[in-house]
1. When the residues of segment 235-244 are filtered to those that are outside any loop (DSSP other than H, G, I, E, B) and within 12 Å of Gly260 (Cα to Cα), which remaining residue is most open to solvent (accessible area, probe 1.4 Å)?
2. With the requirement that a residue be open to solvent by less than 20 Å² (accessible area, probe 1.4 Å) and touching a Gly at 6+ places or on another chain (Cβ under 7 Å), what does segment 382-406 give you?
3. Among residues belonging to segment 532-565 that are farther than 26 Å from Ser594 by Cβ and touching a Pro at 6+ places or on another chain (Cβ under 7 Å), point out the one that is most open to solvent (accessible area, probe 1.4 Å).
4. Does Gln53 meet the test of being assigned to a helix (DSSP H, G or I), at pLDDT below 70 and surrounded by 13 or more Cβ atoms within 10 Å (Cβ to Cβ)?
5. Which condition breaks for Asn646 when tested against (1) under 18 Å from Ala198 (Cα atoms); (2) open to solvent by 60 Å² or more (accessible area, probe 1.4 Å); (3) in contact with a strand residue (DSSP E or B) (Cβ under 9 Å, 6 or more places away or on another chain)?
6. Identify, from the list Leu351, Leu389, Leu298, Leu334, the residue that is within 23 Å of Pro197 (Cβ to Cβ), in a helix (DSSP H, G or I), at pLDDT below 95 and touching a Phe, Trp or Tyr at 6+ places or on another chain (Cβ under 9 Å).
7. With respect to Ile377, is the statement that it is surrounded by 19 or more Cβ atoms within 10 Å (Cβ to Cβ) and under 25 Å from Ile74 (Cβ atoms) true?
8. Out of curiosity, is Arg189 out of contact with any Cys (no Cβ under 9 Å at 6 or more places or on another chain), buried (at least 17 other Cβ atoms within 10 Å of the Cβ) and basic (Lys, Arg)?
Amino acid sequence: MKTMILGVSLKQLLTIFVVSPLLFVLTVYAVTSIVIQSWAVAIAGVLLIQLFQVVCQVIVSKLIRVFGVFILLINCFIGYGLALWIALLFLPGFETVTLGESIMIAWLYALIVTIIQWAFVASSDDFLLEQFIRTSKKSSPKAYDSPGFIFVQLDGVSSHLLDWQLKTGNMPNIGRLVQSGEYAFETYRTQIPSTTPASQAGLLFGTNDQIPAFRWYERQTGKLIVANQQSGAQLIEKRLSTGNGLLADGGVSLGNLFSGDAAESIMVMSKLQGNTGSKATMGQYSRYLSSPHGFMRLFILSLGEVVKEIFQARHQRIKNITPRVDRHASYMVLRAATNVFLRELQTTIVLDKMSRGVNSLYVDYLDYDEIAHHAGIARPESLDALSGLDKVAGILTKAATYAMREYHVVFVSDHGQSQGQTFLQLNNGTSLESVLANTVGTNAVQSDTDESETYTAVRNLASQQKQFRKIAPQATRSSTTLQSKVVVTGSGNLGNVWLTEFTSRPTKEQLEQTYPQLIPKLLATPGIGLILVHSKKQGPIAIGKEGTIQLETATVTGKNPLASYPSALASELLRLRAMKNTPDITIISSYDPSTGEVHAFEELVGNHGGIGGWQTDALLLHPKSLRIKKRFYTDGKLINSTTIHNIFIDWMKDAGQRKA
């Protein structure tokens, strides 16, 4: 039981009048050699610093509205030092202390505070939980008619990977949830394409029928749509939203591509333009992130990520670990942004919203997906990121037990990942677009097969305000013209080809007449396993090296080309080919069942988008009290993220949060 004096705990009194003044005296002397003679001056200094820090936070909250989230990032590292410098101006004997010295004092102070926190708190993550508990206790009690829902997307984590890591004991927090019988662990099969835009659209809106790839060409407008660019995300949301998405009725969308019809969107790609509410909301969290513990923790962890990336990338090269790709210097910054700053910011926001009793919230953690793309799906650095997500799971589920409102915390992934040599590596530097250009006989090829998916998080931050868009600019290739004879895009091991000389999608017969060597050449190219086209006589078909299958009737000629893809369903491929903007030619890389390897048409080790391996096997981890009704299963399986959306809505209706 805590001892309270005038409503203030003994711990807080000791911090204000003993620990903080002592650290203030020591750090000021260490940097400036100024000796503080009076303990009263030290206490006054501490109180003034706290006062001016509050003032600085008010100013920062206003500036974020104008200059965007990067003001928050800057404030994390100099905000406390600035408040300290202003406070020193009001104390006798500190007239000569400069702003630079004040920032040095703040950093030294923060380093000591951080060490103390890590020494006396079980883990640094518990500091977030302690803050949440304090905030919740200060909140006015309120009666809620229904529980709230927190949906946590573990981006790119396959059910197989989670199952393996649970068995090894590397996921202690999630492991306890499952082993205690409190949570149920389910697998669901994603749709094709097995990408974040398609899956998240299904999860948030309950439909994803018109998303044929991560990037696709629309013949009617002559434009290339890229789902993780602002214009692409806005277009998708406009087409899919009915106003009754998962987060309708007062929900919050955090760090996603789409809003899910939420009342509040924070760092959501489709809602970045003019979304001052998002920037204003983030201003509320600058106080923690610029606190002594907060910014030093961010700095240490960010520096650690950069150092680990340098070492781990070098280790892969020296040991000749394959498959691997080049990991550029910019990726070090990106890794620190997603694994440290973004994770910390998102977790802080989720906890704040829970303390305020939000109805529902959906947040996307990119940590694992980002690193697995570059390092591989089960490499040490990827598993370390997964361990970080386990810590987040522990924080959020513990917070739910202290919240003023009852909360169901649900974990879901949008897809898994498979890995293998890239198509470019397999073909000794020859890309898919080069193969097509040589076969069709043209240099007019518009291609988009890079790893731009990994920059979604940075764009979410940088695009908050036009002054910072040059940091992560929108790609200029987002609009192509009909002058390009061939348009090629990559979505992991799913390749997409459009021949713009045709005014409508060409049939197999038209392709054979115009370019008789095109299909045979593609099938003979290493790394290509399946080609999907439309036949005038047979309808949508899948063609392999030794046979074909009619997707509507499952009629096989020769050897079934789907036999190499054990879990592939003709109905899934048929659904893909029926989409309005589906490619003229859909290409799926070859797949080796013995190794699980596929070949991305992008320079990524871990990849997803097509079929083969773990990429289509996603996870659903939910409280057992939330039961899944039999009608949601197809032959005993959960299929497509749209089904998971319907399950979520069903739970919310049963809980009384949505109308039945």
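1. That would be Lys238.
2. Listed by number, the residues that qualify are Ser382, Arg405.
3. Step by step, filter segment 532-565, then rank; the result is Glu552.
4. Criteria not met by Gln53.
5. Result: Asn646 fails condition (3) only.
6. After applying the criteria, what remains is Leu334.
7. Values: surrounded by 19 or more Cβ atoms within 10 Å (Cβ to Cβ): yes; under 25 Å from Ile74 (Cβ atoms): no.
Judged against the criteria, Ile377 is not a match.
8. yes
The values are calculated or read from the model by the stated rules, or taken from the named source; none is laboratory data. Small disclaimer: the values here were computed from a predicted structure and weren't measured. Using ideal geometry, Cβ is built from the backbone for each residue, glycine included, and neighbour counts are taken over all protein chains shown. Surface accessibility is based on the protein's heavy atoms, side chains included, excluding ligands, DNA and RNA. Shrake-Rupley method; radii C 1.70, N 1.55, O 1.52, S 1.80 Å.
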